[in-house]
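A short worksheet on the structure shown next.
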Amino acid sequence: EVHLAESGGGMVQPGGSLRLSCIGSGFIFSSADMSWVRQAPGKGPEWVAGISASGGRITYADSIKGRFTISRENAKNTAVLQMNSLNAEDTALYYCVRDGVTGFYRYLEVWGQGTLVTVSS
C-alpha cells in the first residue's frame with residue numbers, strides 16, 4: 001500500500017518557522033518526484049513546491065519563493081518543507097504528494113493525510 005505521512009504542523013507566530021516532514025512507504029521513494037500542496041480554508045488547492053527524485057531539480061510557487069525550501073533524504077524515505085518568515089496567508093492544510101509522470105504528462109498522484117499549519121499572533 002502506497003502511503004504518505006506528514007508531520008510537523010502546528011501553531012506559529014507571524015515571522016516564525018516550521019519544518020514539515022513526509023515519510024513515504026509502499027513504493028521506491030528514491031524514484032518518485034515529490035510535491036507539497038496546501039489548501040487554505042475556503043480556497044482551492046495551491047501547489048507550493050516540487051522536487052525531482054534525485055533532488056537535482058527544484059521548483060517553487062512565486063508566493064513562497066525565498067521563504068520556503070524543499071528537500072529530501074532518500075535514505076530515510078523523507079521529504080521536507082522548511083518554512084521561514086511565515087505569515088497569516090500561509091495558514092493552510094499542507095499535503096505531501098507523490099507526483100505521477102507519464103511521458104510529458106504530470107499529475108498529483110498520491111496524497112498524504114495533511115498536516116495543519118496555523119500562523120497567528
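The values are calculated or read from the model by the stated rules, or taken from the named source; none is laboratory data. Owing to the predicted nature of the structure, the values given are computational and were not obtained by experimental measurement. Every residue, glycine among them, receives a Cβ derived from its backbone with ideal geometry; neighbour counts consider all protein chains shown. Just the protein is used for accessible areas: all its heavy atoms, side chains included, with ligands, DNA and RNA removed. Shrake-Rupley method; radii C 1.70, N 1.55, O 1.52, S 1.80 Å.
Descriptive notes on the structure:
- Selected residue (criterion: least open to solvent (accessible area, probe 1.4 Å)) from residues of region 61-103 that are farther than 13 Å from Ser17 by Cα, of a type in the set (S, T, N, Q) and at pLDDT 95 or above: Thr78
- For region 16-49, a residue qualifies if it is part of a strand (DSSP E or B) and either farther than 17 Å from Val110 by Cα or of a type in the set (Phe, Trp, Tyr) (or both), and the qualifying residues are Leu18, Arg19, Leu20, Trp36, Trp47.
- Region 1-59: number of residues that are of a type in the set (D, E, K, R) and more than 11 Å from the chain's Cα centre (by Cα): 4
- Restricting region 104-121 to residues that are more than 20 Å from Met83 (Cβ to Cβ) and of a type in the set (Ser, Thr, Tyr), the residue that is most open to solvent (accessible area, probe 1.4 Å): Tyr105
- Ile58 vs. criteria of a type in the set (A, V, I, L, M, F, W, C), touching a Leu at 6+ places or on another chain (Cβ under 8 Å) and either modelled with pLDDT of 95 or more or open to solvent by 70 Å² or more (accessible area, probe 1.4 Å) (or both): no
- Among the residues of region 18-42, those that are open to solvent by 60 Å² or more (accessible area, probe 1.4 Å), within 17 Å of Asp90 (Cβ to Cβ) and in contact (Cβ under 8 Å) with a residue 12 or more places away in the chain comprise Arg19, Gln39, Pro41.
- None of Leu81, Leu86 is part of a strand (DSSP E or B) and hydrophobic (A, V, I, L, M, F, W, C) except Leu81.
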